[in-house]
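The values are calculated or read from the model by the stated rules, or taken from the named source; none is laboratory data. The shown structure was predicted, so the numbers you read here are calculated from the model rather than taken from an experiment. Note that each Cβ is placed from the backbone with ideal geometry, even for glycine, and that neighbours are counted across all protein chains shown.
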């Protein structure tokens, strides 16, 4: 079978920038030296590129996890061109196909089942799915966004202006054009590329699966530190329309914090989240599944499995009751004073069911952790 044609422009970009970052950047540092401004400018530009991809290309345009003001969308579009990862329209089309056909070696653009190299960078070096390169039927909604269409139309111009213009401008201001071209231009680009690529490769190969094992996506807190919060990938593939990836306050997800902050100042709205009841049930189901797998070797596996399933059903019932009571109380809040709501029968019932749910959680965790 003939291999797909090589995309030489991508091969050259990745090869040349990678070689310059590995050899040219250190050489210039030894010969001429860098200062704090080089470091600061590079870090800020890496952050701008990274957030434009994660908050813009990914959570805004690919998944509609929230809505953003046109100024923010323009900033994302420029930052995405600066990151040199194709237009938002093309990127989002690829990503939606990935979610629809995740791990399908024939249809997933960067299937992790084909190995680290392929999912990390190899899929961009050959025309593996050439027939869909100009097919944007799955992003028809994005064609109605004037910012997306503007960026797609002028992508090459924007990419050239940002990748050369920004480092040159900073270099002229600082008095070291070549140093800034190397750090803000090349080193920043290489780091931005591979940070994003880690989400397609490492985040599907290394970590835990607390919510689902239907695909290879993993949660990994270490990867989250390098990918602006995208390392909680098992959660994302389980609840892809949630604007958060790290759902706990302590989980490192600067993309979530940025979106939340934009919402607080009126630059983003309609932030979408998954209900806690769905999240809790998904985690409980995974624990049950793991426990059943470990039980298979025990002589009394059927008996223990029956007990676990009964406890699981009780837990799900308590979750449903508690969250339905919470919904009823929140609905009451819309029509009454908060003081009245706090003394209402709905609030009393919610507190009681919440307490029951906590007891059931503790029983379930105590039982299932023996086997999961």
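For segment 203-224: of the residues being more than 12 Å from the chain's Cα centre (by Cα) and either free of Cβ contacts under 8 Å to residues at least 60 places away in the same chain or closer than 30 Å to residue 35 by Cβ (or both), which is surrounded by the most Cβ atoms within 10 Å (Cβ to Cβ)?
Out of the qualifying residues, it is 207.
Working carefully through the options 357, 258, 262, 308, find the one that is surrounded by 18 or more Cβ atoms within 10 Å (Cβ to Cβ), over 22 Å from residue 219 (Cα atoms) and modelled with pLDDT of 85 or more.
Just a single option satisfies the conditions, and that option is 262.
Using the structure shown, decide if residue 246 is more than 25 Å from residue 315 (Cβ to Cβ), free of Cβ contacts under 8 Å to residues at least 40 places away in the same chain and surrounded by 18 or more Cβ atoms within 10 Å (Cβ to Cβ).
No; evaluated as a whole, the condition is false for this residue.
Any idea which of (1) exposed (fewer than 15 other Cβ atoms within 10 Å of the Cβ); (2) in contact with a helix residue (DSSP H, G or I) (Cβ under 9 Å, 6 or more places away or on another chain); (3) in contact (Cβ under 8 Å) with a residue 40 or more places away in the chain is the one residue 137 doesn't satisfy?
Result: residue 137 passes all but (3).
If I filter segment 265-276 for residues that are in a helix (DSSP H, G or I) and either at pLDDT below 85 or within 22 Å of residue 231 (Cβ to Cβ) (or both), do I get at least one hit?
Looking through segment 265-276, at least one residue is in a helix (DSSP H, G or I) and either at pLDDT below 85 or within 22 Å of residue 231 (Cβ to Cβ) (or both).
Working carefully through the options 115, 175, 179, find the one that is free of Cβ contacts under 8 Å to residues at least 40 places away in the same chain and either farther than 25 Å from residue 238 by Cα or buried (at least 21 other Cβ atoms within 10 Å of the Cβ) (or both).
175
Would you check if residue 120 is free of Cβ contacts under 8 Å to residues at least 60 places away in the same chain, buried (at least 20 other Cβ atoms within 10 Å of the Cβ), out of contact with any strand residue (DSSP E or B) (no Cβ under 9 Å at 6 or more places or on another chain) and within 22 Å of residue 14 (Cα to Cα)?
Answer is no for this residue.
Kindly check whether there is at least one residue in segment 22-42 that is touching a residue at least 60 places away in the same chain (Cβ under 8 Å), farther than 16 Å from residue 176 by Cβ, surrounded by 11 or more Cβ atoms within 10 Å (Cβ to Cβ) and under 30 Å from the mean Cα position of the chain (by Cα).
no
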